[in-house]
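One structure below.
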Amino acid sequence: NHPYLPNLTRRKALGVFGLVGAGSAFSLARVVRAATCSVYPQATQGPYWVDEGLERSDITIDPSDSSVQVGVPLELRLSLVRTDGDCAPLAGVQIDVWHCNAYGLYSDETANNTLGKKFLRGYLFTDSNGLVVFQTIYPGWYSGRTIHIHFRVRAYTGATTTYNWTSQLAFPESVNNAAMAIAPYNSRGARNTTNATDGIYNASMLMTLTSDGSGGYIAEHAVGLAGVPTSS
């Protein structure tokens, strides 16, 4: 049932992720090799995009006050491949991710009364395998949307942006239901939108989730893109 353990310290959680990281990398490699090289669906960036310029792997920490967002630990492993290049890895491109916290709130948003906060936002550049790995928490929900994560892909030549593309990631409903049934998510009542009733959800956005063995999840997804220039 993957309960969130309030006595699990951040250091212990990161230790767990470190132990499973190597095995997960092999798993993701299999996902990439098995990819059909179909182009991933583009989706709206939504109203809560803020370009905070935070290059970091652990996005649970708010650099404004060093607080840490609570929730079910989630290791997000995204891999980019070229659909116009035999599914070769896309290295050296920037991936931003952002999502709401366990209470359905985004940071640095007037509408959410979180101006100045910077939690659950960050970016990394893909490695030689086209991979980025973020440490975060399972997102909560807010009215009108299924549970999701936003991401943006950018490539550069010098300081010039040569590619700018956004989409979203989704979760299996069985895992959504399990996560939302425990604290702190269950303090908000039942969701009013699921994958089936969400106007943006696409089956291609559905990630593969596995247990991390300690109450959290590892989410893996390969994203196919075409026409991405080489970053320099």
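With θ taken as phi - 60° and the Karplus curve 6.51 cos²θ - 1.76 cosθ + 1.60 applied, the whole-hertz 3J(HN,Hα) list for region 110-121 is 4, 5, 9, 6, 10, 4, x, 7, 9, 6, 6, 9 Hz, x standing for glycine and proline.
When the solvent-accessible area of region 115-232 is split by element, carbon and sulfur atoms take up 55 percent of it, the probe being 1.4 Å. The magnitude of the dipole of region 33-92, with charges of +1 and -1 set on the Cβ of Lys/Arg and Asp/Glu and taken from the Cα centre, is near 360 debye.
Dipole of region 112-232 computed with +1 at Lys/Arg Cβ and -1 at Asp/Glu Cβ about the Cα centre; of 225, 204, 135, farthest Cα towards the positive end is 135. Under the simplified labelling scheme, the residue 157-residue 182 pair shows an inter-label distance of 4.9 nm, with each label point 7 Å from Cα along Cα→Cβ.
So how far, in whole Å, is the C-alpha centre of region 51-124 from the one of region 153-196? Rounded to whole Å, the Cα centres lie 10 Å apart.
When 127, 86, 212 are compared by accessible surface with a 1.4 Å probe, the order from highest to lowest is 86, 127, 212. Taking θ as phi - 60° and the Karplus parameters 6.51, -1.76 and 1.60, the scalar couplings of region 65-70 work out to 8, 6, 6, 10, 5, 8 Hz in sequence order, x denoting glycine and proline. Phi angles across region 137-147 convert, under the Karplus curve 6.51 cos²θ - 1.76 cosθ + 1.60 with θ = phi - 60°, into 3J(HN,Hα) values of 10, 5, x, x, 10, 9, 4, x, 10, 6, 6 Hz, Gly and Pro given as x. Relative contact order of region 38-136, taken over Cα pairs closer than 8 Å and 6 or more residues apart, is 40 percent. Computed on region 115-232, with alpha-carbon pairs under 8 angstrom and 6+ residues apart, the relative contact order is 25 percent. Placing a label point 7 Å from the Cα of residue 164 along the Cα-to-Cβ line, the residues of region 37-54 whose backbone N sits under 19 Å from it are 42-54.
The residues of region 44-160 expose, per residue, 35 Å² of accessible area to a 1.4 Å probe.
If we count every other residue with Cβ under 12 angstrom of residue 56's Cβ, Lys/Arg +1 and Asp/Glu -1, where does the sum land?
Values: positive: 118, 121; negative: 52, 55, 58, 62, 96.
Charge balance near residue 56 sits at -3.
The values are calculated or read from the model by the stated rules, or taken from the named source; none is laboratory data. None of these values were measured; they are calculated from a predicted model. Virtual Cβ from ideal backbone geometry, glycine too; neighbours counted across all protein chains shown. With ligands, DNA and RNA removed, areas are computed over all heavy atoms of the protein, side chains included. Shrake-Rupley method; radii C 1.70, N 1.55, O 1.52, S 1.80 Å.
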